[in-house]
Each structure stands twice: as C-alpha cells, then as structure tokens.
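Report on one structure; see the data block that follows.
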Amino acid sequence: MSDNMFGQDPEAPDALPEPPAPDGAGLFGGPEPLPEPPAPEGPGLFGEPTVAVAPVVPAPLVVAPAPSGLQAPPPPGTAPAPEPAAAPPATPYRVLARKYRPQNFADLIGQEALVRTLKNAFAQGRVAHAFMLTGVRGVGKTTTARIIARALNCVGPDGTGGPTAEPCNVCAECKAILADRHPDVQELDAASNNGVDNVRELREAVRYRPAQARFKVYILDEVHMLSNQAFNALLKTLEEPPPHVKFLFATTEIRKVPATILSRCQTFHLKRVPQAELRDHFARICTKEAVDAEAEALAMVARAADGSVRDGLSLLDQAIALAGPEGQVSALLVRDMLGLADRSLVLDLMEALMAGDTATALSLMDRGHEQGADPGVVLADLLDLTHTLTRLVSVPALRDDPALTEVERTRGATLAGKLSVASLGRAWQMLLKGLGEVNEAPDRRAAAEMVLIRLAHVAEMPTPGDLVKRLLEGGSVAANAPRPAPNGGGGGARAVANGGMTMAVAAPALAQPQNWQQVVALASGRRPLLHSHLLYHVHPVKVSPGRLEIRVLAQAPRDLAAQLTALLAEETEQRWTIALSNAEGEPTLAEQGKLAEASRREIAASHPLVQAILAAFPGASIQAVRDEGTDAYGLAAPIIVGAEPEPDTLPEDMPEFAPPEAEPVDLDDF
C-alpha cells in the first residue's frame, strides 16, 4: 500500500534513515550540561556582594592574586566564607515637627473644643461638607485637615469600617493618605493656585466620583490667598457640592476670606497652645528622644514659641543639635541660642531701676550687650517682668504658679513686695513707649539707655496719687483748706505728668434753671434733637427747683423724660424729677415765641411813626420786629430776683418812641 495522508506502509523499502545524534548541545540545550560562567570579580555594577558558585566538576585551579580592591574567589571544594551583614541604607533625618505630627484627634494638644466637636459630629453622622480652620501658625490647621481626611475614608483593619473619629492608620486608605499619594485626597496650596482657572479645574474634577476612596477630599491651605474671582467661582460648588466631596480650608487670615465663603463652612478657631501644655509636650518628646533637658530651658522654649507647637519644636530641635550628642539642653544654652538676656540679669536691672541706681543699670545693660542680648529684647524682657511683678502684687497666690521660673518665684516675689501697682504701672507705660522709640531710633543701644535713665530718674519721685495724699493728709496744705466735695466740684490738688503739683481752683456752683426757657436752653447746642422736641412738642405745666411737670405731645419720643433727666443731672449736677401731666399747661416755647412776635408786630404797627412810613410807602410791610431785650426764642429775658437792672443806654431826655401827639413826617419837608 502506498503512503497516504493517514499513515505509512510499514513495508515500504525507501524509508528515510534516522538522523545522526547531534554533536554537543543543540540550540535549546541537550543532555550535556552547559559550562558554568566564570565567577564575577568585584562587587558588581550595583555593589552587590560577590557570591562564588562552586563548579560542577571539581578540577584543580590556580588562583591568581586578586587585583587591588577586588575579592578573590574561594578555592574549590571549600565553602564560601560568610559575608558581613550589609549596613541598612541611611534614612534622612526627620525634624521633630514632622516626626511627632499628630496622627489622630487624641494627639492634638490645646484644641479641646475642636476635638470634642469633631468627635461628636462623626459619632452622630453630622459631618459637614466644608470646614474652615483658622489660627496662628503651627497650631495644627493642616494636621487637623489631614486627620479629618483619614477619618472620612478609613475602612478599618478588616476593610469593612466606615467614617470614624479614630482612624486606624493601618488600612490601605490611611496609609495612602499618610504617604500623600492617595488619588482622592488632594492638598493644594492656594497661594500658587489662586486663579479662577484653577478653581474651574477643581469644579470639573469635583463632578467625578472617587477613584477608590469613600470621599474626595480637597485641602486648600492658605485659602485667603485666592483672588476675588476665584472665591466667586467657588461659591456655587461650595454651597451645594456632590455628596462624595468634602472641602477643608486652612488660613491664618480669616478676615481676608469673604463672608459668603465663611457662611458656607463650619469655622473652627484653633487657639494658641498655653505655655504649660507646650512645656509638658516638649518634655515628653525629650524623653522619647533620650535627651536630657532642664525644665527651665523647656519653659524658655515654650515662652519663645508664643503658642505655636511647630515653632517650639523647631527651637527644641535646634537646641538639641546645639547641645551635642552627650550634652544637656540647659537654660544657658537656650538663652544664648535665642539671644535672650539672663533672667537674673533682668531682675538685677529691674532692681537697679526701681532703686534709682542709674550707674548700676547702665553697667548691667553693657553686660547684657556683651552677652549678645539685643537692646529691644532687653526692654521686652523688662516689660514681661513688669507684667509678672504686677500680677504678683495684685494676686499674691500666683507665687506658686509652675509657669514661673525659680528665680521669678523667689527674687521676683521679694521684689514685688517692695513695689506698688502705681509704680509698676508707670514703669510699664514708659517701657512700652521706649520700646517703640528703640525700634525707630538709628542707634538702638543709645535709645534703650535713654529709656533706662528715665526709668531710674522717676523711680525716686512719688506717684501722682502719693502727691495728692501728701498734700491733703500730710500737712502740706493749710488746715482750713477746702476738701473735695462728694460730687467732685470742690477744690483740691491736681498732679501733673512730670511730677509737679498745681492747686485746682474750686469750680463755681452751676446755675440752676428757674423757668422753662432756661431748661430748654440747656439742650441748645448740646443735644440738637432733644432741643427740637422740647421747643415744639412739650407744654410746661410747672417748673420748680429740682422738679418739672410737663405735658408731652405724641410727636415726641417715648424716652424724652429720661433724656431730659440725664441732661439736667449732667448740666446742674443735681437730681431732677420729671413728672408727666395731662394738664393743659402753657403753650410750647415755639408757640410762645410766635405769640410774642405777633404782639410786637401789633404794637409796632399801631405806632404813628410806623403808620406814617407805611402810608408814605404803599405796599410796604413789617417784616420783623427786633427787640434787644428778647432771647433766642423771641421772649423777654427772665427777671432774676436780686439782679440789678442794666443801665439804660439812651439819654434820659430822649424818648424811646415819638409821642402820640407828634405830627407825621412829610417827605416834602426834607
């Protein structure tokens, strides 16, 4: 049978012979093993340690000396020598402010109200869609925003958890956010992304759902740097964002943020951390870092931090580096690092100034200058010490305050017992003014010395209160000298700023109004609105010393009586009683003035001389009648009992008006 496509005839005589066995290894390998590659010499391209591979077939080898810097392979048949353990790669140093950044709400210090509010919001499921965190630098604004981002997206160690106030920091979401590589948590710097185009991009990205997290969180730091157009572009999105979007804003200038933005956010004001909490926090960190630090040194760092945790940790980091690996963070070291004057030196300087010892004060100032203390810093330390001494004088129990240094508790308390609040207040004012002079002066040291000289000069002078007491009680004033009246109107001594003394003349007794005209005149020029109501809307019923009865029209304000009582008490320094009456009373002062004006017109019009003039000039009319004896309201001046009448200015033989029998003047006579 011939070959076909399904088989081959076994008896076919022309079968092909078998191919010969290949000589050596084929293309894809064969039964013979491949020769081993030669052992590498040296550490290799990436520095891995050399590992010698023993050959399959032992053979005598001649080991040549290794070149300089290379390691020779071990002789055959012997186990390779153990290599030394490779040193771990050196990690870059992380500053204390980053190393000890709070990882959860419990680690935040000094922000109890914020922590309590956020924990309750997570527990009740009432987490807002936008938060505004404001405060000074270094109090935890950005840190709080990152904790909130983890709390919103944490899924727990088992991957089934929900939003929680205590993020686990071990799940994939928390780790990604901690490493700043989470695609759904974006932290933006508003200072460099402050344009309206950046906000447009953010609005476009907000529409899409999160890639892997539960919420998309946008953290905008220093949000007050956004432009007005950018704020306006963000308003609608911030008011009604998608349910999967949260906004966290941080700023140090809350006043620069528009009110329309603030009204759409929950605002948290992060306060400065107290010095006591900062000092304890720094002590815990020094314990963890195995650093020996004095309590006074930590107190100085906490005082210089001014309520900022980050500033304090940066100063502590610098102090630890300055102390060295085996050194101690001492108060002297921190004082030199901060350029502060010695606290004992400041106390010595204050004692010299309060004693009026100018030479010692200037000598101490020179010593502080030699130690590197800035003149402005010295005055600032004196201001701080003055404040501390004033508190000790006012509240002696503060001597046990742990925030005070040992020197302040001992020497400061002793010095406070010798000073008065008046002298310390005067020193405070002079130091406060002198500090401004030092900052503006071309020679700061000379300006500071002038301030110290003035302080020492006035230290020996009594305070104005002491001067008044000496003159009034110490016998310097005559025995029959008038004492100050209870209402302050009596005579007495008055102290001036430069320590001088002047005698105040007793003020004359204020005149008391005798009629309604004088009462209304008190409001003229002082209270225009009240004067207008008294003139047009009040009918006087009865006027007597210390008591008024009036009828008030409906156009007057309801508190007119109270306003009038206050005016009379202020102007007369006596208490007045205002009674509202329903009696008709007299016409208002404006109506009385109109009646008096009409009466004067009638009298003038009936005079023969006036009639002659009106007859001579057809169409003429009487416009006004002026009377020197009337007041501003057109009424006759009140008659004061006991006052002498003013002398008549006209001659006795000249009548005031022409007699009735006088003949009319004819123009033809002229």
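Here are some notes:
- The lone exception for residue 398 - which of (1) aliphatic (A, V, I, L, M); (2) over 30 Å from residue 281 (Cα atoms); (3) at pLDDT 80 or above it fails: (2)
- Breaking point among (1) modelled with pLDDT under 90; (2) surrounded by 19 or more Cβ atoms within 10 Å (Cβ to Cβ), for residue 390: (1)
- Being in contact (Cβ under 8 Å) with a residue 24 or more places away in the chain, crowded, with 18+ Cβ neighbours inside 10 Å and among the aromatic types (Phe, Trp, Tyr) is a condition met by at least one residue of segment 514-534.
- Some residue of segment 235-244 being in contact (Cβ under 8 Å) with a residue 12 or more places away in the chain and open to solvent by less than 10 Å² (accessible area, probe 1.4 Å): yes
- Only a single item in (1) open to solvent by less than 40 Å² (accessible area, probe 1.4 Å); (2) over 19 Å from residue 100 (Cβ atoms) is not met by residue 181, and it is number (1).
- Filtered residues of segment 556-577 (kept if open to solvent by less than 30 Å² (accessible area, probe 1.4 Å) and not in a loop (DSSP other than H, G, I, E, B)): 560, 561, 564, 567, 568, 572
- Residues (surrounded by 21 or more Cβ atoms within 10 Å (Cβ to Cβ) and within 27 Å of residue 137 (Cβ to Cβ)) located in segment 200-223: 217, 218, 219, 220, 223
- Residue count for segment 87-126 under the criterion of being assigned to a loop (DSSP other than H, G, I, E, B), out of contact with any Pro (no Cβ under 7 Å at 6 or more places or on another chain) and either open to solvent by less than 40 Å² (accessible area, probe 1.4 Å) or in contact (Cβ under 8 Å) with a residue 40 or more places away in the chain (or both): the result is 7.
- Qualifying residue in segment 155-170 (condition: assigned to a helix (DSSP H, G or I) and surrounded by 12 or more Cβ atoms within 10 Å (Cβ to Cβ)): no
- Checking each residue of segment 187-209 against the condition of being touching a residue at least 24 places away in the same chain (Cβ under 8 Å), among the acidic types (Asp, Glu) and more than 26 Å from residue 97 (Cβ to Cβ) gives no match.
- Considering residues of segment 256-268 that are open to solvent by 40 Å² or more (accessible area, probe 1.4 Å), part of a helix (DSSP H, G or I) and touching a residue at least 24 places away in the same chain (Cβ under 8 Å) only, the residue nearest to residue 194 (Cα to Cα): 256
- Residues in segment 405-419 that are touching a residue at least 40 places away in the same chain (Cβ under 8 Å), assigned to a helix (DSSP H, G or I) and open to solvent by 30 Å² or more (accessible area, probe 1.4 Å): 406, 407, 411.
- Test: residue 422 is at pLDDT 85 or above, part of a helix (DSSP H, G or I) and over 22 Å from residue 369 (Cα atoms): yes
- Residue 238 vs. criteria within 27 Å of the chain's Cα centre (by Cα) and in a strand (DSSP E or B): no
- Residue identified as modelled with pLDDT under 85 and over 48 Å from the mean Cα position of the chain (by Cα) among 540, 508, 464, 484: 508
The values are calculated or read from the model by the stated rules, or taken from the named source; none is laboratory data. This is a predicted model, so every value here is computed, not measured. Note that each Cβ is placed from the backbone with ideal geometry, even for glycine, and that neighbours are counted across all protein chains shown. Side chains are part of the model used for accessible areas, which takes the heavy atoms of the whole protein and leaves out ligands, DNA and RNA. Shrake-Rupley method; radii C 1.70, N 1.55, O 1.52, S 1.80 Å.
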